[in-house]
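S.K.: Take a look at this one; I'll ask things after.
The values are calculated or read from the model by the stated rules, or taken from the named source; none is laboratory data. Being a predicted model, the structure only gives us computed values, none of them experimental. Neighbour counts run over all protein chains shown; Cβ positions are idealised from the backbone, glycine included. Areas reflect the complete protein model, heavy atoms only, side chains present, ligands, DNA and RNA absent. Shrake-Rupley method; radii C 1.70, N 1.55, O 1.52, S 1.80 Å.
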Amino acid sequence: MANGDNVILEVKNLKKYFKIGNKDILKAVDDVSFAIKEGETLGLVGESGCGKTTCGRTVIGLYDKTDGEILYNGKPIDGLKGKEKKQFNKEVQIIFQDPYASLNPRMTVADIISEGIDIHGLAKSKADKDKRVYELLEHVGLNKEHANRFVHEFSGGQRQRIGIARALAVEPKFILCDEPISALDVSIQAQIANLLIKLQNELGLTYLFIAHDLSMVKHISDRVAVMYLGSMVELAESEVLFNNPKHPYTEALMSAIPIADPDIEENRSRIMLEGDVPSPINTPKGCKFQGRCSKCMQICKTEEPEFKEIEKGHYVACHLY
Ligand code: SF4
């Protein structure tokens, strides 16, 4: 839950374009603005190819932005230097989607976790470092005996716990959770999501949680933002977005979430989305969702809808509002 209204990360008109060949431009993130309050979880959802991962990685400085502003505690991240830059690199961490690919198979678990402790000089001695590693392992549901083993000896869920311990080792404040549960078995997903919630409550962490599984995003997020073809189309408190989606794209995404009650599931109507997300190269004029929207009007074909606040804290980019 957010700690008051302290904004930790603010993104203004962010653009991240990639040049493809000689003349094509891929607009992966196209004029996106949002803010994240300290201690909250902002979920970022959308189909694959919508730009959510590029957006997340750009806001933490893993990719250079094309345009716009990214402010961390009120300071532009591209202006950070020396000590401030090192502090940013310590406070802002990432948990990757694929624990198999993100952990070095030749390092022991202890070495993986203690790398950041060494870089940032967070342990006074070898004994102090070992103690911290054991504490971190316990914090994520593993134990001391796991420290000297190698990654291939662990299950997918355990590997993700190691990835989480590695992120926590440097005492972060902000974590980009980049689809951290998508690659895991369904039975393990809830365990890892609950671990992230527990750690947030204990340590006051702030998360930007990227996912395409909407039911999990609802479970973990305070607010949710929906991206489509590089643009943010809707942003609201989690309950509001799930109970009262406004954008036709969000409505379609929500209607596709399975409901546990078979009676409700059988009788409710689904909005079928035709086709995939179109290519973000040479996007159409006007609303980017026009080709898949059943409510498309004439104005949608010529004017891009503005992302605006239609109720307190509820933002939508659609000409219907
Ligand atoms: Fe549909 Fe028009 Fe709204 Fe776009 S702006 S989502 S095309 S109604």
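S.K.: Go through (1) in contact (Cβ under 8 Å) with a residue 40 or more places away in the chain; (2) more than 13 Å from Lys52 (Cα to Cα) and name the single condition Met232 misses.
M.R.: Condition (2) is where Met232 drops out.
S.K.: Between a first residue in region 293-321 that is free of Cβ contacts under 8 Å to residues at least 40 places away in the same chain and near the ligand (Cβ under 8 Å from one of its atoms) and a second residue that is part of a helix (DSSP H, G or I) and of a type outside the set (S, T, N, Q), which pairs have beta carbons less than 6 Å apart while being 6 or more apart in sequence or on different chains?
M.R.: His319/Ile299; His319/Cys300
S.K.: How many residues does region 87-112 contain that are under 16 Å from the mean Cα position of the chain (by Cα) and open to solvent by 20 Å² or more (accessible area, probe 1.4 Å)?
M.R.: Residues meeting the conditions: 5.
S.K.: Look through region 65-86, keep the residues that are in a helix (DSSP H, G or I) and touching a residue at least 12 places away in the same chain (Cβ under 8 Å), and return whichever of them is farthest from the chain's Cα centre (by Cα).
M.R.: Lys86
S.K.: Looking at (1) over 25 Å from Pro280 (Cα atoms); (2) open to solvent by 60 Å² or more (accessible area, probe 1.4 Å), can you tell me which one Lys27 breaks?
M.R.: (1)
S.K.: Would you please list the contacts, defined by Cβ atoms under 6 Å and residues six or more apart or on different chains, that run from a residue in region 104-132 that is touching a residue at least 12 places away in the same chain (Cβ under 8 Å) and assigned to a loop (DSSP other than H, G, I, E, B) to a residue that is of a type in the set (Val, Ile, Thr) and open to solvent by less than 30 Å² (accessible area, probe 1.4 Å)?
M.R.: Pro105/Val151; His120/Val170
S.K.: Considering only residues that are at pLDDT 95 or above, charged (D, E, K, R) and not in a helix (DSSP H, G or I), which ones fall in region 33-64?
M.R.: Lys37, Glu38, Glu40, Asp64, listed by residue number.
S.K.: Evaluate region 178-194: report whether one residue or more is touching an Asp or Glu at 6+ places or on another chain (Cβ under 9 Å), at pLDDT below 95, on the phi > 0 side of the Ramachandran plot and open to solvent by 10 Å² or more (accessible area, probe 1.4 Å).
M.R.: Checked region 178-194: at least one residue is touching an Asp or Glu at 6+ places or on another chain (Cβ under 9 Å), at pLDDT below 95, on the phi > 0 side of the Ramachandran plot and open to solvent by 10 Å² or more (accessible area, probe 1.4 Å).
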